[in-house]
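> Quick one: the structure is below, and I'll ask about it shortly.
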Amino acid sequence: MDSKQPDRRVFLKRGAALAGGLTLGAVEPVSRPAPASGQSVEGQSQEAQDYSSEELIAYGERSRFVTSKRIPHPRGGRPSPDEFGLVFHVAAPLQDSVGVITPSALHYIGTTRGSYVPDIDPAEHRLMIHGLVDRPLIFTMDELKRFPSVTRLHFIECAGNRSNPRQETVQETHGMTSCAEWTGVLLSTLLEEAGVQDGGNWIVAEGVEEVKGASSLPMAKAMDDILVAYAMNGEAIRPQQGFPLRLVVPGFEGILSVKWLRRVKVVDRFYMTYNDYGHLRQDPDDAALGYQIGPKSVITFPSGGQQLPGRGFFEVSGLAWSGGGAVSRVEVSTDGGQSWMDAEIQGTAHRMAHTRFSFNWTWDGQEAELLSRCTDELGQVQPTRAQVREFWNVPPDQRFSVKGQDNSIQPWRIASDGSVHNAIS
Amino acid sequence: MRSLRLLPFLMLLGGGSALAQSPTYGIGRTPTKEEIRAWDIAISPTGEELPPGRGTAEEGESLYLQKGCAGCHGMTGTGGLAPGLLKREAEPGTDPWALGRVLPIRSPYATSVWDYLNRAMPLGGEGTLTADEVYALTAYLLFVNGVIAEDEVMTAQSLPMVEMPNVDNWAPLPDWKPGTPRLPGYPY
């Protein structure tokens, strides 16, 4: 991912740049970033990234001073790529996030078992719809793009996105969720084109990567809002995110948003593929928490590992989302949950999308515990871990893992020195 | 939908051109039977997609070594870096769910084992096993977990008939409907 290749870095003499290239209307060269050495004397040689190279004018890149990056998940887990080149889980840097869109290059990555990211020629790629349909169909990418399209903001979150006391940062506790603007065809459009037959109550969606990740999904969801997406954040989906085609299953566990999609089969039952088997549960209440993600939120600033410079004003900022629809309310507590105040929801809260919230706070320099709590349009409220423990009758001294997607409240402790810590217990 | 079902009749009347046109947008084409068969690799619990072939645990045991399975899963299906393939030792009568998260014992359907071996094993050689090899490896994994006898031959007919210990011991997924909470009353 590191794009700062030595061959792209050039040594510029400011005088030479002035003499050689400036035309009317060009930006004043003094806006060039100060060199790391601190040398800024006019005319002196300085090391600077050349953002005006032909290559970067054609397709831009971020400033070399911006270093936010993804990390393997879980903390201390297998690196990606591993020694064989397989990619596992990689978490997004939520501590650096602003707004609601995760840049495509920072969107979290999850793979079935661990996969090589395939290099697919879109001209050769096909999507087949078959099974219990009147008319099996096979589409090229160009054909799929002829269908009426939709563009929607949706988060995708991995079922492995759960906080534990060993984690330090919000990237470690919550980085396996991301949100993008997705464009594609509604799966219902394609299924109606093929004509779903009676008894076609499920679909199996399958990727073309070497593992051929496949998942069963209920037809009710397929006909409701599943997207067959070919674009992400205004350009073609990135290879790591399923280029050229993927499912986006709004609000459901991330593994169901099948990447590198090549086949949707309409079937009569749950197929118990390997991915399905991984989510198998014995208890019906546990299974009921398996598909749709509950209301969830997390404060991204201040969050674990960050440092407040001292007492004074801070805008507390975070993300809220729910698999049940739009976020309708976010509350913040600065006293460990004794009292709650409404946070401001910034912009429009989209359905099954990250929603940015903020809360104006003046820190008095005393130890504090910051929490956020999300309520969604269905009236579902994000629980504390204590509430979840009580629901499942887990004794206080027994270790437990939140069943289904862990949507429990994340506490951050602000120490009196301004350092921020994961306060989950 | 109803009009779609009339299409075969319309085709007879219209000399075969009706099916070439899809109902609303008319985009895409009909895949050939061969194209469907080549990609139709997800195996139903009924086994309807299983190809012809056969294999036994004895053949599977040799293949387990030949194909390098032991390198990741351990010589006896346990102790390797990759997920374990051998159930936990337990008293007779133990809830089979407690035998571990091991595909060839926990899955309610033996077809899941065939499906995953066929699509995703071995690492680096996915899709290279022949149908007979997949039947044999499936038989071996079911045998070492005490699900089938050593001499049982796995075929497209016998595999779906294998009764897994968890066949009725799992929670079906909820009947999901748009705009509904995941579990009413949880936990608020």
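Every number here is computed from the coordinates shown, using simple stated rules; none is lab data. All values derive from a computational prediction rather than experimental measurement. Using ideal geometry, Cβ is built from the backbone for each residue, glycine included, and neighbour counts are taken over all protein chains shown.
> Determine the distance separating the Cα centre of region A:179-210 from the Cα centre of region A:255-318; give it in Å without decimals.
21 Å
> I'd like the per residue volume of the convex hull spanned by the Cα atoms of chain A, given in cubic angstrom. Intermediate results must be reported in sequence, preceding the final value.
Working: hull volume 78.0 nm³, N = 425.
That works out to 184 Å³ per residue.
> Select from region A:114-160 those trypsin sites (Lys or Arg not before Pro) which occupy a DSSP coil region and have at most 10 other Cβ atoms within 10 Å, ordered by residue number. Write out the running numbers ahead of the final one.
Working: sites: A:R126, A:K145, A:R146, A:R152; in loops: A:K145, A:R146.
Passing both the DSSP loop test and the Cβ count: no residue.
> Over chain A, with a Gaussian network built from C-alpha contacts below 10 Å, which listed residue (A:A214, A:A236, A:A92) shows the highest mean-square fluctuation?
Looking only at A:A214, A:A236, A:A92, the largest GNM fluctuation is found for A:A236.
> Give the share of C-alpha pairs in each 10 angstrom bin for region A:293-354, from 0 to the last occupied bin, in whole percents, shortest bins first.
Going out from 0 Å in 10 Å bins, region A:293-354 shows 19, 48, 28, 5 percent.
> My understanding is that a pair violates if its Cα-Cα distance is over 21 Å; which of A:K221/A:K265; A:K221/A:K259; A:K145/B:K177; A:K265/B:K87 do that in this structure?
On the way: A:K221/A:K265 14 Å; A:K221/A:K259 17 Å; A:K145/B:K177 29 Å; A:K265/B:K87 32 Å.
Flagged as over cut-off: A:K145/B:K177; A:K265/B:K87.
> Looking at chain A, which longest stretch skips every one of the GluC sites (Glu not before Pro) that is in a DSSP loop with at most 15 other Cβ atoms within 10 Å, leaving the sites themselves out?
Details: sites that count: A:E42, A:E61, A:E83, A:E124, A:E168, A:E367.
Answer - A:169-366.
> In Å and from the alpha-carbon atoms only, list the Rg and Dmax of region A:153-273.
Cα only, region A:153-273: 15.2, 51 Å (Rg, Dmax).
> Please report the net charge: other residues with Cβ closer than 13 Å to the Cβ of A:W260, K and R +1, D and E -1. Let's see the in-between values first.
Values: positive: A:R126, A:K212, A:R238, A:R246, A:K259, A:R262, A:R263; negative: A:D119, A:D121, A:E124, A:E206, A:E209, A:E210.
Local net charge: +1.
> Give the Cα extents of region A:53-141 along the principal axes, in whole Å, largest first.
That gives 55, 39, 30 Å along the principal axes, largest extent first.
> Let me ask something else about it. List the extent of the Cα atoms of region A:59-215 along each of their three principal axes, largest first, rounded to whole Å.
53, 32, 28
> Same structure again: Stokes-Einstein at 37 °C, 0.692 mPa s, Kirkwood radius from Cα pairs: D for chain B in µm² s⁻¹?
On the way: Rh = 19.6 Å.
So the translational diffusion coefficient is about 167 µm²/s.
> If the cut-off is a Cα-Cα distance under 13 Å, which aspartates and glutamates reach A:K69, setting aside same-chain residues fewer than 8 apart in sequence?
Within the straight-line limit of under 13 Å, A:K69 reaches these aspartates and glutamates: A:D2, A:D96, A:E172.
> Just report the Cα centroid separation between region B:137-188 and region A:393-425, whole Å.
Computed from Cα coordinates, the inter-centre distance equals 34 Å.
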